[in-house]
Each structure stands twice: as structure tokens, then as C-alpha cells.
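Asks: Sending over a structure as C-alpha cells; questions will come in a sec.
The values are calculated or read from the model by the stated rules, or taken from the named source; none is laboratory data. Given the structure is predicted, the values throughout are model-derived calculations rather than measurements. With ideal geometry, Cβ positions are generated from the backbone for all residues, glycine too; neighbour counts draw on all protein chains shown.
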Amino acid sequence: MVAVRKKPKPEAASPKKKKKIIGWREWVHLPGLKVDKIKAKIDTGARTSALHAFRVTPFTRDGASYVRFYVHPVQREATPEIKCVALLLDTRVVTDSGGRREERPVIRTMLKIGKSKYPIELTLTNRDVMGFRMLLGRQALRRRYLVDPSRSFVIRKKAKKRKKLRKQKAV
């Protein structure tokens, strides 16, 4: 009979980073696109993230593929209108919640949510008739956040609470 040795489990050798709690909607920033503030719906049912974009025009510069597009960052408003340019990463066929398939351009840009900042992939689509100008899908949230569907704007509230606490301590 051969003795089988079990590998000992490492005792907190690689502690898992604690995931932050976010609500079902949050204010986010897209600094690479010069979008200072946009309300995003946190959509764990969506694999990819989507950004409302219109007048989407692909073009080539110095042998690289780019896409030029415009964004209305404010829900249900036609102003302001932000002109954006980004490197075209890919085009993908995405199935929306209604089962319709659409080919969409894909870009990579930085997402800033609270104090966290990291790159995400975004598909560009016209979301004029949708309630939110941006959806944050599972891939953008993976290993970083847990979603509390009963709460909204959790990240912003925490920042306000910290600021209020600092003021109280200063007095």
C-alpha cells in the first residue's frame, strides 16, 4: 500500500483581498474618455459592460484602428455632449436583454469607482431609450466587488461619511 501525502493548506499565505460592497447603481468616472461623472447600473446579468455612444465612426491612424464617438453622460439629457476617441480593441456580437444580437465596437478604458481605478472593456451602443447611459457587467466587477441590490450609490455615501467624520474630528 502506498501512502498518499496530502499537501498542507497554506495558513493565510496569500490572504484574499476583501471585496468592497457597491449598490445596484453607482457614480463612476471614465478619465480616459474625459467623462467626469456618469451614473452606471451595476448589472450582474450582463457579461460585458456597455456605454451609450452615438455617431460612432471607426477610422485608422498610423496603421492602428480607432473609433470616434460621442457620449451623453447625463440620463435623459442631450447635453453635455462629449467627443471621445479610443483605440478599437475588437468588434463583438452581443446579445441584449431582449435577445437581439448586435455587432458592437469594443474599447478598453480606465474606470474610476470611488478610489479604485482599473482598465475595463466597454462595448459601444446607443442606449438613448434605456434608463442608464452605462452598464457595468460581471467582467468589470470580478474579484473586486460584491453587489448589494438593496442599496444605491454606496461608494459616494462612504466618501461623504469619511469627510463628515474628518470635519467632526477637526472641531
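Asks: Taking the range 123-139, which residues are farther than 15 Å from K39 by Cβ, in contact with a strand residue (DSSP E or B) (Cβ under 6 Å, 6 or more places away or on another chain) and among the hydrophobic types (A, V, I, L, M, F, W, C)?
Replies: Matches in the range 123-139: L124 only.
Asks: Follow-up. How about the range 1-44: which of its residues are β-branched (V, I, T) and either at pLDDT below 90 or over 25 Å from the mean Cα position of the chain (by Cα) (or both)? Before the answer, list the steps.
Replies: Within the range 1-44, the subset β-branched (V, I, T) is 2, 4, 21-22, 28, 35, 38, 42, 44.
V2, V4 - these are the residues of the range 1-44 that are β-branched (V, I, T) and either at pLDDT below 90 or over 25 Å from the mean Cα position of the chain (by Cα) (or both).
Asks: Among the numbered conditions (1) out of contact with any strand residue (DSSP E or B) (no Cβ under 7 Å at 6 or more places or on another chain); (2) farther than 19 Å from V147 by Cβ, tell me where R47 comes up short.
Replies: The one condition R47 does not meet is (2).
A quick yes/no check of all residues on (1) out of contact with any Lys or Arg (no Cβ under 8 Å at 6 or more places or on another chain); (2) not aliphatic (A, V, I, L, M):
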position: S65; (1), (2): yes, yes
position: P73; (1), (2): no, yes
position: A78; (1), (2): yes, no
position: L89; (1), (2): no, no
position: M110; (1), (2): no, no
position: N126; (1), (2): yes, yes
position: V129; (1), (2): yes, no
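Asks: Can you run down the residue pairs with Cβ atoms below 8 Å, 6 or more apart or on separate chains, where the first is in the range 120-148 and on the phi > 0 side of the Ramachandran plot and the partner is assigned to a loop (DSSP other than H, G, I, E, B)?
Replies: What qualifies is R143/K17; R143/K19.
Asks: Tell me which residues, restricted to the range 109-125, are within 25 Å of F59 (Cβ to Cβ) and surrounded by 15 or more Cβ atoms within 10 Å (Cβ to Cβ).
Replies: Those that are within 25 Å of F59 (Cβ to Cβ) and surrounded by 15 or more Cβ atoms within 10 Å (Cβ to Cβ): T109, L111, I120, E121, L122, T123, L124, T125.
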